[in-house]
Amino acid sequence: MSKIYDLIILGAGPAGLSAGLYAGRSRLDTLIIEKGQDGGQIAITHEIENYPGGVHGDSGPSLIKRMSEQVAQFGAERLTATITNVELEGNTKKITTDKGEFLAKTIIVATGANPRPIGCKGEAEFVGKGVSYCATCDANFFEDFDVYVVGGGDSAVEEAMYITKFARKVTIIHRRDELRAAKSIQEKAFKNPKMAFMWDTVVEEIKGDDIIGSMIVKNVKTGELTEITAPEDEIFGVFGFVGFLPKTDLFVGKLEMEDGYILGCEDMHTNVPGVFVAGDCRQKSLKQVITAAADGAIAATQAEKYIEHMEG
């Protein structure tokens, strides 16, 4: 008979790690499955200013490192594996991975989200050849070159300011005539001498040979097309920060969703008993580290209560 865990947590971002911390403290026999590095999106965030109690100058990796160490203290098992199927009905759930099958009484889905593509012609061909979705990963490749950042929310503006540490000039391309980022973030951006703004504009096409050579943009109000070309013997970068796509394909038809996000109540219950959801894959109004951590804590606490009720 295969071992049956009290809880299996799918994902080791802030939500999954917080769930693991609370589950471990509650002495639940817990397994955390993550296919990549801990942290999810926060692992590629260069600076975190809005996490309460965070250390000044904290980065995503440094915060996640402390979270992972805390989880380890309370004994949750860890597995690096890719999940290929989930069976969520009944009292025993089954998670199938490339490392085998695992059973549990409860599941917390904390699979997070991936960056949303810009959505222009040629984009996919130039990923890693001038197109990026991670400033901390790739900004240094564009030292003293021009960079264009697509988006207008908090992430877009914060990452654009980070890129100014490397690039000669950073231009934000935004489809509206004003940013959606928090006012405090906007104020910093407008004061930055290396920042520029291209309003009411979308990227239509990215062109080039082995690397980006030019980009066609369109003014959404006039319809005018403009081609931006890299200076001779130079390259330029295009960074996309236009939101995220939840990593929930495995749960289609198995859990209730809206726009690809899993629906969960304020106690993180999904429509399937014993299955909970936490973090950026959950439909909610604010997707931040603090809300992901809160989701994970609530989900683990509710999983414990569910097990007590099931076995009581």
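Cβ-Cβ contacts under 6 Å between residues 6 or more apart (or on different chains), taken from a first residue in region 297-308 that is closer than 14 Å to Val277 by Cα to a second residue that is assigned to a helix (DSSP H, G or I) and open to solvent by less than 50 Å² (accessible area, probe 1.4 Å), are listed as Ala297/Ser18; Ala299/Ala19; Ala300/Ala19; Ala300/Ala23. How about region 168-225: which of its residues are farther than 21 Å from Asn140 by Cα, of a type in the set (Val, Ile, Thr) and part of a loop (DSSP other than H, G, I, E, B)? Val220, Thr222, listed by residue number. Taken over region 200-216, the criterion of being surrounded by fewer than 13 Cβ atoms within 10 Å (Cβ to Cβ) and without any contact (Cβ under 8 Å) to a residue 24 or more places away in the chain is satisfied by Asp209 alone.
Scanning region 217-228 for residues that are within 14 Å of Cys120 (Cα to Cα) and open to solvent by less than 30 Å² (accessible area, probe 1.4 Å) turns up just one, Val217.
For region 75-126, the candidate set comprises residues that are touching a Leu at 6+ places or on another chain (Cβ under 6 Å), open to solvent by 60 Å² or more (accessible area, probe 1.4 Å) and not acidic (Asp, Glu); within that set, the residue that is nearest to Ala292 (Cα to Cα) is Asn114. In region 228-250, the residues that are closer than 27 Å to Glu143 by Cα reach residues that are among the polar types (S, T, N, Q) and open to solvent by less than 60 Å² (accessible area, probe 1.4 Å) with C-beta atoms within less than 7 angstrom, at least six apart or across chains, in these pairs: Ile228/Ser214; Thr229/Ser214; Ala230/Ser214; Gly237/Ser132; Phe239/Ser132; Phe241/Ser155.
Only one of the listed residues (Pro231, Pro246) is open to solvent by less than 80 Å² (accessible area, probe 1.4 Å) and under 30 Å from Asn85 (Cα atoms). That residue is Pro246.
Evaluated against (1) buried (at least 19 other Cβ atoms within 10 Å of the Cβ); (2) in contact with a Phe, Trp or Tyr (Cβ under 8 Å, 6 or more places away or on another chain), Met195 falls short on exactly one condition, (2). Residue count for region 263-273, restricted to those that are touching a Ser or Thr at 6+ places or on another chain (Cβ under 8 Å) and surrounded by fewer than 24 Cβ atoms within 10 Å (Cβ to Cβ): 1.
Of Arg66, Arg78, Arg27, all but one fail to be free of Cβ contacts under 8 Å to residues at least 40 places away in the same chain, not hydroxyl-bearing (Ser, Thr, Tyr) and not in a helix (DSSP H, G or I); the exception is Arg27. Asp144: under 17 Å from the mean Cα position of the chain (by Cα) and open to solvent by 50 Å² or more (accessible area, probe 1.4 Å), yes or no? It is false that Asp144 is under 17 Å from the mean Cα position of the chain (by Cα) and open to solvent by 50 Å² or more (accessible area, probe 1.4 Å). Counting only residues that are of a type in the set (Gly, Ala, Ser) and either open to solvent by 30 Å² or more (accessible area, probe 1.4 Å) or on the phi > 0 side of the Ramachandran plot (or both), region 15-58 holds 7 of them.
The values are calculated or read from the model by the stated rules, or taken from the named source; none is laboratory data. This is a predicted model, so every value here is computed, not measured. Every residue, glycine as well, gets a Cβ built from its backbone with ideal geometry; the counts of neighbours run over all protein chains shown. Protein only, heavy atoms only, side chains kept; ligands, DNA and RNA dropped before computing areas. Shrake-Rupley method; radii C 1.70, N 1.55, O 1.52, S 1.80 Å.
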